[in-house]
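The values are calculated or read from the model by the stated rules, or taken from the named source; none is laboratory data. Computed from a predicted model, the values in this text were never measured in an experiment. Backbone-built Cβ (ideal geometry, glycine too); neighbour counts: all protein chains shown. These area figures cover heavy atoms from the full protein model, side chains too; ligands, DNA and RNA do not enter into them. Shrake-Rupley method; radii C 1.70, N 1.55, O 1.52, S 1.80 Å.
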Amino acid sequence: MALRRSSGDSLKVIGFICIFTVLIHVVNIFFRGQLNDFGVLPRHFSHFIGIIFYPFLHGSIAHLVSNLVSFCILGFLVSSFGLARFMGVFLVSWIGSGIGVWLFGRMNYHIGMSGIVYGLWAYLLVYAIMYRSVKSIAIALIVMFFYGSMVWGFIPNHSWVSYESHLFGALAGAVTGYILARKDKRRETVS
């Protein structure tokens, strides 16, 4: 019963984030993409606030759908460890990728949820390597089967793709996976 309720709560939170992102995109279409100026513009203090807005801004419907589908799937897999775990990984990936891009990114506007998507992806993989439970390894195998090609997102192939968001989101997610796996192992040893 508690597990079902937790899954239901996680689905509501993930659904809310998706609906909010779609609404922002609709408003951005109405304003002819002008909201993209609220993305992250590296090393410009006037655009530091873009760290808050950038994940909810997308350049096209294809960009939006691609990010939201991956976000829903990976977010749901992370939320199988609990809503609090999902929220923690989500927030660390969001802030970590935003700050990393602001400090080290190319001088372009960076928008989109891919930094968070990469954070969720890296969290699941690193957590499984460190924690080594049947559940975490099974989830990591599923993730690698369907999302293994995400590794190519670290290569700067296209000027319009923020590989920096991918890199710093993945770093944030990987560090979170490492820390939380160690914490969970310690707690398991004590009990």
Given the options VAL27, VAL65, VAL69, VAL101, name the one that is under 21 Å from VAL151 (Cβ atoms) and out of contact with any Phe, Trp or Tyr (no Cβ under 8 Å at 6 or more places or on another chain). VAL69
Hey, among GLY153, GLY115, which residue is at pLDDT below 95 and closer than 24 Å to GLY39 by Cα? GLY153
Can we say LEU64 is farther than 25 Å from VAL175 by Cβ, of a type in the set (A, V, I, L, M) and either without any contact (Cβ under 8 Å) to a residue 60 or more places away in the chain or not in a helix (DSSP H, G or I) (or both)? yes
Of the residues GLY112, GLY88, which single one is within 16 Å of the chain's Cα centre (by Cα), under 23 Å from ALA181 (Cα atoms) and crowded, with 16+ Cβ neighbours inside 10 Å? GLY88
Residues in the stretch 14-48 that are open to solvent by 90 Å² or more (accessible area, probe 1.4 Å) and among the β-branched types (Val, Ile, Thr) total 2
Take the stretch 62-80 and flag every residue that is hydrophobic (A, V, I, L, M, F, W, C) and over 17 Å from TRP160 (Cα atoms). LEU68, VAL69, PHE71, CYS72, ILE73, LEU74, PHE76, LEU77, VAL78
(1) open to solvent by 10 Å² or more (accessible area, probe 1.4 Å); (2) touching a residue at least 40 places away in the same chain (Cβ under 8 Å); (3) out of contact with any strand residue (DSSP E or B) (no Cβ under 6 Å at 6 or more places or on another chain); (4) more than 18 Å from VAL175 (Cα to Cα): which one isn't true of TRP102, the others all being true? (3)
Cβ pairs under 6 Å, 6+ apart, first in the stretch 18-34 and farther than 16 Å from SER70 by Cα, second modelled with pLDDT of 95 or more and among the aromatic types (Phe, Trp, Tyr): ILE24/PHE56
If you scan the stretch 34-51, which residues turn out to be over 22 Å from VAL92 (Cβ atoms) and assigned to a helix (DSSP H, G or I)? GLN34, LEU35, ASN36, ASP37, PHE45, SER46
Apart from one, (1) modelled with pLDDT under 95; (2) buried (at least 18 other Cβ atoms within 10 Å of the Cβ) all hold for HIS63; the odd one out is (1)
First in the stretch 163-191 and at negative phi, second anywhere and open to solvent by 50 Å² or more (accessible area, probe 1.4 Å), Cβ under 6 Å, 6 or more apart: TYR163/PHE154; TYR163/PRO156; HIS166/PHE154; LEU167/PHE154; ALA172/VAL92; THR176/VAL92; TYR178/MET130; ALA181/MET130
Leading residue by the ranking (farthest from the chain's Cα centre (by Cα)) among those in the stretch 159-184 that are buried (at least 17 other Cβ atoms within 10 Å of the Cβ) and hydroxyl-bearing (Ser, Thr, Tyr): TYR178
So is GLY96 open to solvent by less than 60 Å² (accessible area, probe 1.4 Å), outside any helix (DSSP H, G or I) and at pLDDT 95 or above or not? no
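Every residue, every condition in (1) more than 13 Å from the chain's Cα centre (by Cα); (2) in a loop (DSSP other than H, G, I, E, B), yes or no:
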position	(1), (2)
PHE53	yes, no
GLY59	yes, yes
VAL78	no, no
ALA84	yes, no
